[in-house]
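Nothing in this text is a laboratory measurement; each read-out follows from the coordinates by a stated rule. Remember, it's a predicted structure, so these values are computed and weren't measured experimentally. Every residue, glycine as well, gets a Cβ built from its backbone with ideal geometry; the counts of neighbours run over all protein chains shown.
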Amino acid sequence: MPLTVLEVERIAALARLEMTPDASGTARQQLNDIFSLIEILQTADTQGVAPMAHAQDVFQRLREDAVTYTDSDAAQRDLFQSIAPEVEAGLYLVPRVIE
Amino acid sequence: MTWEVVIGLETHVQLATCSKIFSGASTRFGALANTQASPVDLALPGVLPTLNRGAVECALRFGLSVGGKIAEKSVFARKNYFYPDLPKGYQISQFDLPIVEGGHIDIVAGQGEECHEKRVRLTRAHLEEDAGKSLHEDIHGKTGIDLNRAGTPLLEIVSEPDMRSAEEAVAYAKALHALVRWIGICDGNMQEGSFRCDANVSVRRTGEPLGTRREIKNLNSFRYLKEAIEYEVKRQIEILEDGGVIQQATVLFDPATGETRTMRSKEDAHDYRYFPDPDLLPLAVARDWLEQTRMALPELPEAKRQRFIRDYGLSAYAAAMLTVTLETADYFEAALAAAGNNNANAKSCANWIMVDLAARLNREGLEIAQSPVSAAQLGGLVCRIADATISNAIGKKVFEALWLGDGENADAIIAAKGLRQITDTGVIEKLVEEVLSANAANVAEYKAGKEKAFHALVGQVMKAAKGKANPQQVHQLLKQRLEGGEK
């Protein structure tokens, strides 16, 4: 079931990607190629097979509830914030978000 | 034409763990901005989430308390959207396999004749991480981002659309709030955002299919919840009665105007493209872990309420009042144990807690756990009223003295202040004689049939006894003397 250009544009908008018409066309072709593979997979009979959440039959290990992030906080913060475009009073600054 | 209101709530409960759901950073409220944001919370490259056992245990406690089904296997999924307070570009949540499914909360809503009990069904409860905080105060025309809250564990509890009025929605939210505090999974601090509700509201003409709903986001007080729903209902009915249609939307409530308004952002992005998070394996809950959690749960509010009625002979009202919080229930039982466990003492303890103690705590803005009068002290006081050492009126003085720390228990205060009740008939008779001879006018009025005059005389005797005479004896002796005088 080939994707339309409109669908490609919607996916791009959801992913915050700005695409030229040329790029949209290329992406549409590539996505359709992937979907054709998925269509083959979908012909497999999965009747009565429970959906698989993970490729391995193992379960999540749990961590005890304890604060382990105890490095000198302020120093860590300054280090992380040194790569941010703009910070003030410990806050990361971003273009205004209006609700 | 009558309208039926249909409400379902989604509640975000911040879980009372010390560390975050997927990182070892602290969840403490009020730290300096971004000092509790670890590389995992910041979504730095190469990090992996590690699931907090404490957060899972909170979800189990909740599921067991509401009679929900705990999934033996649940799955974490990525909910994808872009927002500056979500550094990864997705929120780790649960989608088609949540940890808890089903369950219910019983509520009592309405007052007087309209008072009714109702069971609100729960759809599900799932674990997820909180986002950071966006500070919209203008910082050179920019928004500030604090990621300390990012990764704080949340339990999102989703109800069925079972509520039919703002009152029922508030009753449900209050019952849920009390429960999560009761079982110790949330501090319940609404100002700090530990308990936030989203309300899905629609209206329909009675008997018709469900109407289009609008979702009011982020209501962090019971009052706002009520006001927002009432406004939204009124507005939807007006639109429909004018022949309009309701557009499905996400709205925000403005407490300043009491109105809701449509959110401009996110409105076109309701396609979250959920998929299982490849960084996390399915979560398995072993049967013995679930059983241990069940054993460790405190007696639940409903069970305790019924036991209070059954074992202590309390009224339904008193039992409900005393089981509003676990602290209140524990205080009551400790006071009763100190007073001596019988139904009369139970009633007396309940009254002291609901009336005198509640009023005093309220006046000072204190919680019952902070009460200067301990449960043992109150029980001691109730005991001395029960055995007629002091009257109820003197009891109030002793209570005040206990509150002010004037003595270590009721007995010490009664002894130090000489408050022991006068029960010696001879002493009271003497006082009665004195009062009668000094108040001839009242005596005459009484004999002329004025009941009020009798009460004035009782008052005079009590005054002469400095409030310490046994009131029943004063009544009895005065009556005998007055009636006898006529013979």
>> Under 5 Å between amide hydrogens, which residues at least 5 positions from residue B:4 or on another chain qualify, with H placed 1.01 Å from N in the peptide plane?
In response: B:204, B:205, B:206
> Once Lys and Arg get +1 and Asp and Glu get -1 on their Cβ, which of B:193, B:280, B:228 lies farthest toward the positive end of the dipole of the range B:190-301?
Replying inline: B:228
> Over the Cα atoms of the range B:3-289, what Rg and Dmax result, in angstrom?
Replying inline: 19.3, 62
> Which is farthest toward the positive dipole end of the protein assembly as shown among B:134, B:249, B:177, measuring Cα position about the Cα centre, with Cβ charges +1 (Lys, Arg) and -1 (Asp, Glu)?
Replying inline: B:177
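Based on a Kirkwood Rh over C-alpha pairs, give the Stokes-Einstein translational diffusion coefficient of chain B at 37 °C and viscosity 0.692 mPa s in µm²/s.
Values: Rh = 26.9 Å.
Roughly 122 µm²/s, to the nearest whole number.
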> Per-residue HN-Hα couplings for the range B:14-28, Karplus 6.51 cos²θ - 1.76 cosθ + 1.60 at θ = phi - 60°, whole Hz, x for Gly and Pro?
Replying inline: 6, 7, 7, 8, 8, 10, 6, 6, 10, 9, x, 6, 6, 9, 4
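Write down the percent of antiparallel bridges among all DSSP beta bridges whose residues are both part of the protein assembly as shown, to the nearest 5.
Working: 62 of 69 bridges.
Counting DSSP beta bridges with both partners in the protein assembly as shown, the antiparallel share is about 90 percent.
Within a 10 angstrom radius of each residue's Cβ in B:37-47, how many Cβ atoms of other chains show up on average? Whole number is fine. Kindly include the intermediate steps, with their values, before the conclusion.
Numbers: counts 7, 7, 3, 1, 1, 5, 0, 2, 0, 0, 0.
If you average over the peptide's residues, the count of other-chain Cβ atoms is 2.
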>> For a test of understanding, tell me how many lysine pairs in the range B:425-486 have Cα atoms under 16 Å apart, given they are 8 or more places apart or on different chains.
In response: 7
>> Just to be sure I follow the rule: in the range B:191-342, considering lysines 8 or more places apart or on different chains, how many pairs have Cα atoms under 20 Å apart?
In response: 4
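How many partner chain Cβ atoms sit within 10 Å of a residue's Cβ in peptide A:79-92, on average, as a whole number?
On the way: counts 0, 7, 3, 0, 1, 3, 0, 4, 4, 5, 7, 8, 12, 14.
Mean shielding count: 5.
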> For the range B:44-172, with equal point scatterers placed on the C-alpha atoms only and solvent neglected, what are the log10 I(q)/I(0) values from the Debye formula at q = 0.14 1/Å, to two decimals?
Replying inline: -0.78
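Can you tell me how much longer the chain between residue B:96 and residue B:257 gets when fully stretched, taken as 0.36 nm per residue apart minus their C-alpha distance, in nm with one decimal? Write out the running numbers ahead of the final one.
Numbers: separation 161, 0.36 × 161 = 57.96 nm, distance 3.83 nm.
Answer, rounded to one decimal: 54.1 nm.
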>> Using a 7 Å offset from Cα along Cα-Cβ at residue B:369, what residues in the range B:16-48 end up with backbone N under 13 Å from the label point?
In response: B:16
> How big is the range A:1-98 on each of its three principal axes, counting only the C-alpha atoms and giving the largest first in Å?
Replying inline: 56, 43, 23
> Å³ per residue of the Cα convex hull, for the range B:316-399?
Replying inline: 84
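Let me spell out the model: positive unit charges on the Cβ of Lys and Arg, negative unit charges on the Cβ of Asp and Glu, origin at the Cα centre of chain A. What dipole size does that give, in debye rounded to 20?
It works out to roughly 120 debye.
At a Förster radius of 30 Å, what calculated FRET efficiency corresponds to the Cβ-Cβ distance of residue A:30 and residue B:250, to the nearest 0.05? Don't skip to the answer; put the middle values down first.
Working: r = 34 Å, r/R0 = 1.12.
E between residue A:30 and residue B:250, to the nearest 0.05, is 0.35.
By how many nm would the segment from residue B:272 to residue B:291 grow when fully extended, if each residue of separation counts as 0.36 nm and the alpha-carbon distance is taken off? Before the final figure, lay out each step's value.
Working: separation 19, 0.36 × 19 = 6.84 nm, distance 3.55 nm.
Extending this stretch completely gives an extra 3.3 nm.
May I ask you to order A:61-69, B:2-10, B:19-27 by the average number of other C-beta atoms within 10 Å around their residues, highest value first? All intermediate terms of the calculation are to be shown ahead of the outcome.
On the way: A:61-69: 15.7, B:2-10: 18.4, B:19-27: 25.8.
Top of the packing list down: B:19-27, B:2-10, A:61-69.
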> Taking the inverse of the average 1/r across all pairs of different Cα atoms in the protein assembly as shown, what Kirkwood radius in Å do you get?
Replying inline: 29.1
> Residues of B:135-144, mean number of Cβ from any other protein chain within 10 Å of their own Cβ, rounded to a whole number?
Replying inline: 5
>> Quick check on packing: order B:373-384, B:459-470, A:23-34 by the mean number of other C-beta atoms within 10 Å, highest mean leading.
In response: B:373-384, B:459-470, A:23-34
>> If I model a spin label as a point 7 Å beyond the Cα along the Cα-Cβ vector, how far apart are those points for residue B:237 and residue B:223 in nm?
In response: 2.4
> Of B:37, B:369, A:32, which is farthest along the charge dipole of the protein assembly as shown in the positive direction, counting Lys and Arg as +1 and Asp and Glu as -1 at C-beta?
Replying inline: B:369
> Which whole-percent values make up P(r) of the range B:306-356 when all C-alpha to C-alpha distances are grouped in 10 Å steps starting at zero?
Replying inline: 29, 66, 5
